[in-house]
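Please treat every number below as a calculation from the coordinates, not as lab data. Everything numeric here is computed off the predicted structure, so don't read it as measured data. Virtual Cβ from ideal backbone geometry, glycine too; neighbours counted across all protein chains shown.
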Amino acid sequence: QHAKAQDQQITRFLENVDHKILVMSGKGGVGKSTVATSLAVFLGNQGYTVGLLDVDVHGPSVAGLLGLTGLPLNTIGTQIQPYYYTDNVKVVSIQGLLKQPDDPLIWRGPMKIGIIRQFLAEVNWGPLDFLIIDSPPGTGDEPLTVAQTITGCQAVVVTTPQEIALADVRKSIQFCQTVKMPVLGIIENMSGFVCPSCGNTHAIFKSGGGEKTAAKYHLPFLGQLPIDPGVVTAGDAGQSLDTLTSHTKTQMQEIVSQLLH
Ligand code: ADP
């Protein structure tokens, strides 16, 4: 009964959200949260109204990447109001539940499923062009809950180019196929480093694996992002984009236009 009422509430809040996109990765540390955050900010810069939701219960990083760490959930009655990163980019992170940002959450599956569903049922996003959801790596409770709870959710899969990461991406893709969540495409992150001294591109973690995997599964390849120390600086400082090289920004624009395609 409760679950049914919750489903109805979720449907009501997400009724006016045109595109719901779950950002997934096979492995941690490949830049999934960075890509999710950048997608939200770049879409926002293009004038779209965007919501960014972090459902990574154990390692929420979206708030930190945007400089919104330590903010409690903004609740009005039983509704959660998002924070505004910019006029048209709204953010809600599960981090708002943590008393101290460094506290670990020690929860089993059913509790995680419950909290994510509650989040989805209580956040009043208002009308959105895009809802970008950052999930933890892998194919566990969090992406599964999102896939099963949000009607019409689609996935973007982030990977790095080397085989050890790609092996796990194949699992993500098969997960999507199993739960019947369409995959919008694959993004290859940390794909080459443009050396500021010599100008050459060095393929530190190899390059091209993301594109090959996309081809193998007949999925769109959305583009590559280079290894860019500016990404780390921006993330650590809580500013999403300011320090990115112009090459990274161009590549990110390209990914967004592929996505809008
Ligand atoms: P995930 O969400 O996959 O665990 P994060 O987005 O948290 O990964 O990124 C992990 C670390 O790698 C962060 O310090 C981030 O700044 C860094 N990072 C992500 N993408 C890049 C990139 N293209 N170039 C350099 N550093 C990156």
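Just going by the charge dipole of segment 2-260, with Lys and Arg at +1 and Asp and Glu at -1 on Cβ, which of Val41, Ile80, Leu166 is farthest out on the positive end? Highest projection toward the positive end goes to Leu166. Rounded to the nearest 500, the helix-only mean residue ellipticity at 222 nm of the chain stands at -12000 deg cm²/dmol, with each DSSP H run of n ≥ 4 adding -39,500 (n - 2.57). Structure remark: mean-square fluctuation, Gaussian network model of the chain, C-alpha springs under 10 Å; the largest value among Ile80, Ile187, Ile21 belongs to Ile80. Between Cys198 and Gln154, the simple label model (points 7 Å from Cα in the Cβ direction) yields a spacing of 4.1 nm.
Rounded, prolate or oblate for segment 196-261? Axes are the square roots of the Cα gyration tensor eigenvalues, ordered a ≥ b ≥ c, and the cut-off for rounded is a/c under 1.5. Oblate, since a/c reaches 1.5 and b/c is not below a/b.
A Gaussian network model of the chain, with springs between Cα atoms under 10 Å, assigns the largest mean-square fluctuation among Pro110, Pro127, Pro72 to Pro110. Once the trypsin sites (Lys or Arg not before Pro) in DSSP loops with at most 12 neighbouring Cβ atoms within 10 Å are cut out of the chain, the longest remaining piece is 1-98.
With a ≥ b ≥ c taken as the square roots of the eigenvalues of the C-alpha gyration tensor of segment 135-260, please select rounded if a/c is under 1.5 and otherwise prolate if a/b is larger than b/c or oblate if it is not? Since a/c reaches 1.5 and a/b is larger than b/c, the shape of segment 135-260 is classed as prolate. Using only side-chain charges placed at the Cβ, +1 for Lys and Arg and -1 for Asp and Glu, the dipole size of segment 56-133 relative to its Cα centre rounds to 260 debye. Label-to-label distance for Ser257 and Thr75 is 4.5 nm, based on points extended 7 Å past Cα in the beta-carbon direction.
Does segment 1-132 come out rounded, prolate or oblate by the C-alpha gyration tensor, with a ≥ b ≥ c the root eigenvalues, rounded set by a/c under 1.5 and, if not, prolate when a/b is larger than b/c and oblate if not? Rounded, since a/c falls under 1.5.
Taking the Cα centre of segment 1-146 as reference, the dipole from Cβ charges on Lys and Arg (+1) and Asp and Glu (-1) amounts to some 240 debye. Taking the Cα centre of the chain as reference, the dipole from Cβ charges on Lys and Arg (+1) and Asp and Glu (-1) amounts to some 620 debye. The residue list Ile116, Thr233, Pro182 was ranked by how far each Cα lies along the charge dipole of the chain toward its positive end, using unit charges on Cβ atoms, and Pro182 comes out on top. Counted by neighbouring Cβ atoms within 10 Å, the residues Trp125, Trp107 run from fewest to most as Trp107, Trp125. Principal semi-axes of the equivalent ellipsoid, √(5λ) from the alpha carbon gyration tensor of segment 2-260, are 29, 21, 17 Å from largest down. Taking label positions 7 Å along the Cα-Cβ direction at both Val179 and Asp242, the computed distance is 3.6 nm, reported to one decimal.
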